[in-house]
Amino acid sequence: MNPARRTVATALVLATAGGVLQAAAVSASAAVSCASPVFKRQFFANTTFSGKPKKTDCDSAISQNWGKGAPASGLPSNNFGVRWTVTRDFGSGGPFTFTASAQDGIRVYVDGVRKVNLWKNVSATVKKTVNVTIPRGKHELRVDFVNWTGTANVTYAYAPRTTAGVDKVKPLTPTGTAVSYSTTTGAAKITWAGNKEMDLAKYQVHRRLKGSPYTGKPLATTTARSYTDSALPKTGASYYYEVRAVDKTGNTSAGSTDKLVTTVDRTPPAAPFVEWDGCPDGRPYAAPQLVTTAKNAADIVRYEMQRLDAATNRWSTVYSGSKGAICDTGYPADGSKVTYRGRARDAAGNWSAYSAATTFTTPDRTPPAAVAQLRAEYRSGVPHLVWSPVTGAASYQVLQYDPATGGYTGALPGENTTTRTDVVPLQSAAVAHSYRYAVRALDAAGNAAAPVETTLEMADRPEAIAPFRTTAHAFDEGVMIEWSGVDPWTVDESPLPTYRILRTDTATGETGTVDGCKPFTPWDEPLEDPETYWTWADDDAPLSARKQVNGTCWDVQGASETAYEYRVVTIDRYGHASQPGPAATETTPDTERPAPVKDLTAETVPLGVRLTWTPPDDTDVSGYRAWQGVTDPDSGETVWKDNCWTGSSLAATEILCPTVPDGATHVYKVAAMDDYRHDEPLDALHPAEVSATLPDTRPPGWTGTEVRQDQYPELYVGCSESSGLGDCSRFASYRVERWDPVTAAYTTLAEGTTDGAGYHMDTTVHEDLLGLYYYRVVRLDASGAEAVTRSSAYGIWESWL
């Protein structure tokens, strides 16, 4: 309260300085400005507040008692008026209580709206209390007081209602928030503008980690408009701050705008711990790994790994970098023990403590040394891969490069690895001029050394591969030789190897070459090379070959009844010859024909000659063959005809050779035969020869040389299209005649017409065995003239005689 003094002609103006209301004297005519919430007070010398106020000053509270005196100098003690006005910010507003008392009248307005009305000339002080809701923001309060007569006093106060059930209005959100951070102290200072609510009780300061929500519990509570957070962790993390206002009822405002602080990072990460990992691609080195939590790892930018030297007990740094897992190429994974420790550094440069020292037994991933002195050695044409044993190697892999796929395949038959250092590799690629093989050593843990390669050049192979199987068996006039061979490195379907067949006399040891094979045909043809063809390999074929070459040769050039050993030599496509293959022994058939017969004689008989002889000394004679020489009318040369007759009554060393007795000398041959074959040509045998001069018993003009065999000569007297007589219609009759050597004339035996005629049999000469008779059949035309005559000579004989 600032009661007016009547003796002072100036007004007092209250000014706020440092939060304390101070009065400043101003002249009555000067403009008065009062800082809210101080009222501006105006004194009027009337009760209608008209005209210019007599005095204006500032009043911090309305509570005056002037008694019966004047309120200020120059004013009357009755019929005066006093007006108080103030415009203030009520913040969020809310429920308020207005308390007023006066003698005489008092009125209270909010933004010109009357809230209290005690406007009477009274003889005692009147009072009134009203509840008012004031909206948020700035509003004007105006209090009008009048004194008509008598005593004058007035009081007015307004205060927020803070009962929980009444005040449900939250304070406004604090504004003007700002934050500053000291990297030296690590403290953050938050400031904000003060709230205007009259019932404000305090402020709450909240903090949250970036990425996390605010919790319900505040970091701090204060009535001031700033707060210094000295307990902020120095981890480099970012935090948000907000301020909330709380009134006396407990209503809390929303949070202010977030303000970000990024702290200085002086907190080292937690120490990692060491685990065992593995080097990429199975590399044979120790592989420690520094492991930590995902939250801790998020801030780590560098790891340092140290290894303990067991000999010196000193630690040495083996890695420093951004990865926790390392491949320590300075320590082989060879099954030994090794100890590691490590630490981590964050982006701010803070190093963690070292982890606990951890000892591991390394897995054995150190391969043995590579094989040395890998080479190809050829044995009997077969390539052997040979290398020196490797210390620490438990087995070896043998691989072949396949140009078709660009990869390597296993080259060991029936197994993946071997303990041998001398192997015959598989050949599974396409046949080529060269092949690439690789060998690598493996230890007991399966660690493989680097492969070592070698190339096989087939043109450099010193010899071919001999057949693996040879058979020989007697066949007809010779020996059939068969063989099979494999060579996966040079044999495909074409060209096939060639072969040379060696034939050794087992008795003399003399060896020669079979220079030709008899074709397997029923005809005599020139000798030719062996027949060869490929097939899929037999189960017993060596070298795990997929294809094999088979060959046959029919050898007919060996000596008769001789035991021979046959071996076959392979000649590959490069001209390299193999060693002779396995032997096959067989004795040739008896191809030596018997010796000539002895004492061969020719006895003249009517139908020709009777040949007799004495057998040769050979013990395998099974029969005889006889030939007579006949002059070929076209060439004039002698040809040999096998046309002699046998008979049941004839001895084994006796035979009849029918020959027309023509007064000439005729030559005969006889050969002894064995069981070999009976159709061989004469020049393959050993015949004896004899000649005989025969009488001439022929009828005049007889030119035929054939003698037919029959005991009852039968003559064809008919005519047919197939008889070769031409037009049969021209014949009317026939006549059969036989030559009579006594009368030297033909005797008629039969006559008849040709219609339906067939044969005429002479039944009168059958007892004249070995006799020779000349016949002719004369065919006559209708006039009786002789049209055609045919002649035949018959020897009286049958094979059963």
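One table, with the values for the structure above:
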quantity: Loop-exposed GluC sites (Glu not before Pro) per DSSP, neighbour cap 13 Cβ within 10 angstrom, longest uninterrupted part of the chain; calculated: 1-414
quantity: Cα centroid separation - region 156-199 against region 375-453, whole Å; calculated: 87
quantity: Derived scalar couplings ³J(HN,Hα) [region 170-183; Karplus, 6.51 cos²θ - 1.76 cosθ + 1.60; whole Hz; x for Gly, Pro]; calculated: 6, x, 6, 5, x, 10, x, 5, 8, 9, 10, 9, 9, 6
quantity: For the chain, calculated [θ]222 nm from helices alone, where every DSSP H run of n ≥ 4 adds -39500 (n - 2.57); calculated: 0 deg cm²/dmol
quantity: 5 angstrom amide H check on residue 562, placed H, neighbours 5+ away; calculated: 588
quantity: For the chain, the longest site-free run once chymotrypsin sites (Phe, Trp or Tyr not before Pro) in DSSP loop states with at most 10 other Cβ atoms within 10 Å are removed; calculated: 1-522
quantity: Rh (Kirkwood; distinct C-alpha pairs) - the chain, Å; calculated: 44.3
quantity: Summed residue charge, Cβ within 12 Å of residue 472's Cβ, Lys/Arg positive, Asp/Glu negative; calculated: -1
quantity: Region 41-84: Rg to Rh, with Rh as the Kirkwood radius over Cα pairs; calculated: 0.92
quantity: For the chain, with +1 on Lys and Arg beta carbons and -1 on Asp and Glu, the positive-most of 609, 294, 209 along the dipole; calculated: 209
quantity: Furthest towards positive pole of dipole, 303, 70, 227, structure part the chain, Cβ charges; calculated: 70
quantity: HN-Hα J in Hz across region 189-202 - Karplus 6.51, -1.76, 1.60, θ = phi - 60°, x for Gly and Pro; calculated: 10, 10, 10, 7, 7, x, 6, 9, 4, 6, 9, 5, 9, 6
quantity: Neighbour net charge for residue 209 - beta-carbon separation under 15 angstrom, K R +1, D E -1; calculated: +2
quantity: Region 319-368 and region 88-140: distance between their alpha carbon centers, rounded to Å; calculated: 82
quantity: At 0.692 mPa s and 37 °C, Stokes D of region 239-372 from Kirkwood alpha-carbon radius, µm² per second; calculated: 184
quantity: Local electrostatic count, residue 733, Cβ distance below 13 Å [Lys/Arg +1, Asp/Glu -1]; calculated: -1
quantity: q = 0.20 Å⁻¹: log10 I(q)/I(0) that the Debye formula gives for region 707-795, counting C-alpha atoms only; calculated: -0.93
quantity: Net charge dipole size for the chain [Lys, Arg +1 and Asp, Glu -1 on Cβ; Debye, nearest 20]; calculated: 20040
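Rule-based calculations on the coordinates, nothing more; no lab input. All values reported here derive from a predicted model rather than from experimental measurement. Note that each Cβ is placed from the backbone with ideal geometry, even for glycine, and that neighbours are counted across all protein chains shown.
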